[in-house]
Amino acid sequence: MAIIRSVSLDPPLSSVMCAKSRILEFSAYITTPVFSNLPSTFQLELWWSSNNVEWIASPFALDTRNVPLCASKQFEDEKVHRFLVKFVPPLNADSIEFTARYRFDNPDWNWCGHFGSNGHVLLYAVPYRDYPTFSSLFGDVSEELEESELMSEVVDSKVYKVTGIAAPISRKTTNVKLGKPSEMRQYLSLVRIQTSWMGPVHGRDTFSVDRPAFMVLFQRKDGYHICVLPLSNMRNLLTIYMSSDSGNIWLNVLNDASGHRTFSTFVGVSKDPQKAVQAALYSLRTVIQSFRGVLTRSLVPEDPAATDPDRVESVVVHPGLSDGNAEPVLGTWYEQWMDLFGFCTWNSMGIEVSLDKVMIALQELHDRGIRVGIVILDDGWQVTNDKRQLMQFDANDRFPGGLKHTVSTIKSTFPYIKHVAVWHALLGYWNGIAPDGELGEKYSLTKCRVYNDDIYIVSENDVNRFYDDFYKFLYSSGITAVKADVQMHIYDLEGDGISGTFVRKEYQDALKLHSLRYFYRRVSYCMAMSSQYFYYSLLQTSSPKPTLRNSDDFFPNIPSSHHWHIYCNSMNTILTSLLHAIPDWDMFMTNIPPYSMQHAAARCFSGGPVYITDIAGFHDMDVLSQIQAQTIRGSSVALRPSRVATALDPYFGFNQKRLLFLTNFAGGTGGFSMLAAFNIHENENSIFCEPVRKSMLPGLVVGGDYILRSFITGQTAEFTTPDASSNEDNDEDNDEDNDEDILMLTKLGYSQWDIFTAAPLATVKTQFRTLKIGVLGLLNNFTGAAAVERQKVTVPGKGRAVLDVDMKVLGILGIYMSDLGSLSTSITKLLITIQGSVVPLSSVSSEDNILKIDLTKAWTELNLSSKWSNEVSLRIYIT
């Protein structure tokens, strides 16, 4: 009997898909050892039901078409068999539910999946009905609510504004029923995890959450996606969601004002789930900006900004008018602070961090060729008492000579380190300020309670002076960035001197103002995952973007936390990617197999900062070499894509028996489309095989030519995107189009991953040939396409073409040439220069149709220097 190693369906089990045709097509991919064939007695059936009426068995048949290329390094000794079944469901069916089963000679069937893991196909979406009206979105809406349609700022969407009145009862809630979602098939809710964090909850058919929710996104049976987003932290109002036992969405409104207040909730509607979220959020942002009006401030510190090359002389805060791109415009690639590869002390040193330990860790990284650009001194450097209260601004005695000496020592020993950042709690330390310390004597304090403990915090009228003094001291000590932690504590404070207006405004304003004034918003918001922060400090585009910790901590010693960490971050970015902040997926360790490589790939793909917290001497150099690259000025940077990664399917539930896909993009129009796949299932024997499709890749140019490359296997596939007229009729049987949409298969075992990058191709004609050329980026880095700053192909005449490529960093650059063949036959038709000097032949190699240029080796052998530019300029002449 044949040995079956895996069975995967397309569409996969646990998924909810919208049909594009009334003729439904299902594929099954079965893998066996390469020497094993399936016997003639093998049976495979799709087991399906329409409207949960009757279950029908439809047999699969072996698909005689070519099986797509399978990108799977670990499973190279396997053979993939593809099976196909097509059928037309009953005309009265609005959806079907499906699973699969198989058997050999024995009468017993083997079922795919498990109870509750069946897949679903929605048929109402063929074709889509008109946009649903608000009255059809929810049932039993409270008469206390009023709705109106707004002009959406997002194409192919609608948005509604729902308003009501909150009673003037301080610190009490007004509960108003929004209603039961109509025709709901599946939902995602982003809810409060503990006080400070946010995480996803998924479900089907009936809405139910057991904790406050910041956002609800659900898909109806007609295929439309509905996003419900309340406006929080506006005119003393805090709005959250709760669910009732009967599946209703309730608006729970906290009013801290003495009078009645109007509260608002925004409802976005679209065929695209991300557009539904965008429609709701952008309308919410417009209301906030119009309410706050125009605020202009001078934010120039007393110290001359000339001492800091990243500082500017002045910043004008003008909400709603700035495009948010306030970084200085330079003639070369501008390296932002979050581009720098970093080291954080937390997991490696904890609260026993010291200057000696930091120097040992940095020296050990230096000796291994790793040049970190930013160092974060996490919790443990401050002077505190046994009640966890802050005593003074300067560092404790584990940092001899104080903070200024510490920064000076670090930067003088390792001059490539550009930033030293420090951690601090929003209130000073975890339990605020010590009343009998140096700070307690200098600033006015208010006694309050948090979690039944008495603490002291800087009073409302002194918060601005406290932050001005604190950040001025840090700035004068050489600190150029901060990690502001424990931020949600201000919403847990109780006491006579604490008002809702105070805790929502003064500390947030002081942090934002002075982090901009002294650090140009090089600040990480930590333990701040709440709508109170999202819509007050992290939505307006009037200043540079800070970073926002996007999930609970990285826990290296809890195996069950690793896959959840990646999953939670992937779902949270559905909302946080739209804020004026860069989501930060937290630090990680490179030496915790089998999870390190997946963590590293996820961080690089996320679009956020990348920094490690390894114990000195315990590194995986294979991981380190792939997550950072060296600039020609000697520092290490992470190759961040241009956008923020988001989940392809927002309704992907944790531990579903399928792969988690994320999308991202590098460059501008015509840049690199990126897709990451992760197996995050908790079963250590899990193996999933799924197709990589053109339709999964974001930002492709219509009618453009591309080359897709798997990072793990290096396999490539050329493809052309369809033109605008190819999908005009979705009701036709487009079997061939469906098959052409599949570019590769990806098969991943437990904790495995892959990153697929689609690079644009240019067709050029020379004197001797016509070929397609594409720049792949650095081949040995997870997100190597992000190393490409710009590229251009010209045909100046005389039978030759010229490819110009500007790179941010050094490494092994890959150039796809469709007819490259062996290098020995093509080298006479290529001339390659770097910074105007001819690249030595020893730095050039090839594999299949990929030209490989070792930029590091060429740079060293030619003894080149950076001079005025920080880019690597490459030119290839092709005849």
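Data overview
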item	result
Residue selected from the stretch 165-200 under the condition hydroxyl-bearing (S, T, Y) and surrounded by fewer than 22 Cβ atoms within 10 Å (Cβ to Cβ), by the criterion nearest to S135 (Cα to Cα)	S182
Residue check for A57: of a type in the set (G, A, S), surrounded by 20 or more Cβ atoms within 10 Å (Cβ to Cβ) and either farther than 25 Å from P273 by Cβ or without any contact (Cβ under 8 Å) to a residue 40 or more places away in the chain (or both)	no
Residues satisfying the stated conditions in the stretch 87-124, i.e. farther than 19 Å from G223 by Cβ, buried (at least 16 other Cβ atoms within 10 Å of the Cβ) and of a type outside the set (G, A, S)	T99, R101, Y102, C112
Strands (runs of 3 or more DSSP E) fully within the stretch 8-94 counting 2 or more residues that are over 32 Å from the mean Cα position of the chain (by Cα) and of a type in the set (S, T, N, Q)	43-50
Every residue from the stretch 570-587 that is of a type outside the set (A, V, I, L, M) and in contact with a helix residue (DSSP H, G or I) (Cβ under 7 Å, 6 or more places away or on another chain)	P583, W585
Subset of the stretch 135-160 [under 26 Å from the mean Cα position of the chain (by Cα) and either in a strand (DSSP E or B) or not assigned by TED's automatic domain parsing to the domain that holds Y224 (or both)]	S157, K158, V159
Subset of the stretch 80-120 (residues that are closer than 26 Å to Q186 by Cβ, of a type in the set (K, R) and in contact with a Ser or Thr (Cβ under 9 Å, 6 or more places away or on another chain))	K86
Counted residues, the stretch 817-834 - those being modelled with pLDDT under 95 and either of a type in the set (S, T, N, Q) or under 19 Å from T757 (Cβ atoms) (or both)	8
Residue, surrounded by the fewest Cβ atoms within 10 Å (Cβ to Cβ), within the stretch 741-774, restricted to residues that are in a strand (DSSP E or B) and in contact with a Gly (Cβ under 8 Å, 6 or more places away or on another chain)	A762
Pairs, first assigned by TED's automatic domain parsing to the domain that holds D819 and polar (S, T, N, Q) in the stretch 836-862, second in a loop (DSSP other than H, G, I, E, B) and at pLDDT 95 or above, C-beta under 6 Å, six or more apart	S837/L862; T856/L810
Number of the exception - G617 against (1) under 30 Å from I351 (Cβ atoms); (2) within 14 Å of the chain's Cα centre (by Cα)	(2)
Failed item, numbered, when F399 is tested on (1) surrounded by 16 or more Cβ atoms within 10 Å (Cβ to Cβ); (2) without any contact (Cβ under 8 Å) to a residue 60 or more places away in the chain; (3) closer than 14 Å to I455 by Cα	(3)
Filter result (in contact with a Lys or Arg (Cβ under 8 Å, 6 or more places away or on another chain) and hydroxyl-bearing (S, T, Y)) within the stretch 385-438	Y416, Y429
Failed condition for Y456, given (1) more than 18 Å from Q392 (Cα to Cα); (2) among the aromatic types (F, W, Y); (3) in contact with a Gly (Cβ under 6 Å, 6 or more places away or on another chain); (4) buried (at least 18 other Cβ atoms within 10 Å of the Cβ)	(1)
Residues located in the stretch 110-133, provided they are in contact with an Asp or Glu (Cβ under 8 Å, 6 or more places away or on another chain) and either in a loop (DSSP other than H, G, I, E, B) or at pLDDT 95 or above (or both)	N118, L123, Y124, A125, V126, P127, Y128, R129, P132
Yes/no for R465 being at pLDDT 95 or above, surrounded by fewer than 18 Cβ atoms within 10 Å (Cβ to Cβ) and either at negative phi or of a type in the set (A, V, I, L, M) (or both)	yes
Top-ranked residue in the stretch 620-643 [being part of a loop (DSSP other than H, G, I, E, B) and surrounded by fewer than 23 Cβ atoms within 10 Å (Cβ to Cβ); ranked as nearest to the chain's Cα centre (by Cα)]	R643
The lone exception for F134 - which of (1) under 29 Å from E97 (Cβ atoms); (2) touching a residue at least 40 places away in the same chain (Cβ under 8 Å); (3) among the aromatic types (F, W, Y) it fails	(1)
Residue satisfying all of: in the stretch 718-761; of a type in the set (G, A, S) and modelled with pLDDT under 95; nearest to G797 (Cα to Cα) among these	A724
Test: residue in the stretch 605-614 that is surrounded by fewer than 24 Cβ atoms within 10 Å (Cβ to Cβ), hydroxyl-bearing (S, T, Y) and assigned to a loop (DSSP other than H, G, I, E, B)	yes
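The values are calculated or read from the model by the stated rules, or taken from the named source; none is laboratory data. Remember, it's a predicted structure, so these values are computed and weren't measured experimentally. Here the Cβ is made from the backbone with ideal geometry for all residues, glycine too, and neighbour counts use every protein chain on show.
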